[in-house]
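Structure provided below as structure tokens; questions to follow.
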Amino acid sequence: MTNEEIKQAVEEYFKEMLGNNNEFLDNVTGTWPFDAEDWFKAKFNITDWNAEETHWFIKFANDRFAELYKEKYGERDAKLELEQILFEVRVLNEKFREISSKLKKFPTFNNAISNHFGNLTNYLELLVDIENDKIESLNKKEL
């Protein structure tokens, strides 16, 4: 089989799986590639357990699964990751404020740290703006 034929088989696999269960992407487990491999071997009567076509099918299927998953859940996952980053930045911000108050006795060191802290504050403000949908280029209307 050519790579194009294998890629077509991947498309057929996902079309069939999503046709049988439109929540297929929501319910897959870590064993789905083995199920896909079994489907491929049965569909194309491949008996060699180490067939090169099977390896390519799994590779292309994993790539396609990642694309489909990203299309369906990419925005949601990005927002969750952004919330986690925002939480971590807030924790770091609070720790830095505590450290800064201790360093007030050392003005030279404190001034150097404050310059870097300004960048951290800017990033924190950007993340808060993203969280509050204040970044116009990220509005759904424009996407």
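The values are calculated or read from the model by the stated rules, or taken from the named source; none is laboratory data. Keep in mind it's a predicted model, so treat the numbers as computed, not measured. Using ideal geometry, Cβ is built from the backbone for each residue, glycine included, and neighbour counts are taken over all protein chains shown.
From the list I113, I99, I130, which one is touching a helix residue (DSSP H, G or I) at 6+ places or on another chain (Cβ under 9 Å) and at pLDDT below 70?
I113
Additional query: With segment 5-111 as the region, which helices (runs of 4 or more DSSP H) entirely inside it contain at least 3 residues that are surrounded by 12 or more Cβ atoms within 10 Å (Cβ to Cβ)?
32-43, 52-102
Filter segment 32-53 down to the residues that are among the aromatic types (F, W, Y) and without any contact (Cβ under 8 Å) to a residue 12 or more places away in the chain and list them by number. Spell out the reasoning first.
Step one: filter segment 32-53 for residues among the aromatic types (F, W, Y), giving 32, 34, 39-40, 44, 49.
Result: F34, W49.
What residue, among those in segment 63-96 that are of a type in the set (K, R) and modelled with pLDDT of 85 or more, is nearest to N27 (Cα to Cα)?
Within segment 63-96, the match that is nearest to N27 (Cα to Cα) is K72.
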